Amino acid sequence: MELSNSVNYLSSTYGDAFADVYDDWYQQVTDVKGTVSLISRLSQGLDVLELGVGTGRLALPIASKGIPTTGVDSSPEMLRRLRARDSSGVVKLHLANMSNWLPAGPFKIIFCAYNTFFNLVDPAEQEQCLQLVSNRLAPDGLFIVEAFVPSNYSLLPTRGVEFRHLKDATVLNITIREKVSGIVRGQSVELSESGAVLRPWRILIKTPDELDQIAARQGLKLVERWQDWHQSAFTSTSDHHVSVYASANS
């Protein structure tokens, strides 16, 4: 099966492909309550920007606390669904690739949840994104990234197939890991009585140390790293991390 070549895979491809199932499949994929609680507390009621806002899984409950909340996403379909849920427009929305443009701010908190940063599959885009973040933070602002920790990544198989059963369908997830580039290409295949739906995805994984290095090159320093949104201690066996960066000049 062809796993979407680089010619037609755009920054909006993932969001547009998964928007119709995102709330059903991923609403509780991470700790919504914990994320909203920590972001809200660290923001001190000041402006918050979410990168890859999607359908508003996190931005809407943050905004509901009276915190000025802005979201950026490159997927028109994701933002269309968010606007349908946010009839009063409490979240300010921007259609943009987060590596090319971010609203001026400044923001007390900029955050990127659930591996969303890895959706930037060009190393230069990851650098450009953090450069923009660095420029948009308030002097005492924080940038927060949530991601998984790759374990023995170089030893992982280069191909894999996983599947899970839904109420009315079976979903196969087919992945190919490119050893040289580090990119993982995938195709989610939803099989049901009505046929097959293909949803491509792609990520460029970074270890916590690699993220620190990118951040440092863009004027950001690591100030905290936890295992989860409840600020549990990060250890050598942690498989997830919530990393907090501040301006290196602060």
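The values are calculated or read from the model by the stated rules, or taken from the named source; none is laboratory data. None of the values given here were measured: they were computed from a predicted structure. For neighbour counting, all protein chains shown are included, and Cβ atoms are generated from backbone atoms with ideal geometry for every residue, glycine included.
For Val29, state whether it is among the β-branched types (Val, Ile, Thr) and buried (at least 20 other Cβ atoms within 10 Å of the Cβ). Give the derivation first.
On the way: among the β-branched types (Val, Ile, Thr): yes; buried (at least 20 other Cβ atoms within 10 Å of the Cβ): no.
Spelling it out, it is not the case that Val29 is among the β-branched types (Val, Ile, Thr) and buried (at least 20 other Cβ atoms within 10 Å of the Cβ).
Identify the residue in segment 167-195 that is within 22 Å of the chain's Cα centre (by Cα), outside any strand (DSSP E or B) and small (Gly, Ala, Ser) and, among all such residues, is surrounded by the fewest Cβ atoms within 10 Å (Cβ to Cβ).
Ser181
Quick one: what pairs do we get from segment 191-220, first residue under 27 Å from Leu10 (Cβ atoms) and touching a residue at least 12 places away in the same chain (Cβ under 8 Å), second assigned to a loop (DSSP other than H, G, I, E, B) and aromatic (Phe, Trp, Tyr), C-beta under 7 Å, 6+ apart or different chains?
Pro200/Tyr9; Arg202/Tyr9
So that you can scan it fast, the table gives a plain yes or no per residue for (1) hydroxyl-bearing (Ser, Thr, Tyr); (2) at pLDDT below 90; (3) more than 28 Å from Ser236 (Cα to Cα); (4) touching a helix residue (DSSP H, G or I) at 6+ places or on another chain (Cβ under 6 Å):
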{"position": "Glu178", "(1), (2), (3), (4)": "no, yes, no, no"}
{"position": "Arg185", "(1), (2), (3), (4)": "no, no, no, no"}
{"position": "Val197", "(1), (2), (3), (4)": "no, no, yes, no"}
{"position": "Trp201", "(1), (2), (3), (4)": "no, no, yes, yes"}
{"position": "Gln218", "(1), (2), (3), (4)": "no, no, no, yes"}
{"position": "Val223", "(1), (2), (3), (4)": "no, no, no, no"}
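Of all residues in segment 1-17 being hydrophobic (A, V, I, L, M, F, W, C) and at pLDDT 50 or above, which is surrounded by the most Cβ atoms within 10 Å (Cβ to Cβ)? Quick ask: steps written out before the conclusion?
Going residue by residue through segment 1-17, those that are hydrophobic (A, V, I, L, M, F, W, C) are 1, 3, 7, 10, 17.
Those still in the list that are at pLDDT 50 or above too: 7, 10, 17.
Details: Val7: 6, Leu10: 13, Ala17: 20.
Across segment 1-17, the extreme among qualifying residues is Ala17.
For Leu102, only one of the following conditions fails: (1) farther than 19 Å from His241 by Cα; (2) buried (at least 20 other Cβ atoms within 10 Å of the Cβ); (3) without any contact (Cβ under 8 Å) to a residue 40 or more places away in the chain. What is its number?
Condition (3) is where Leu102 drops out.
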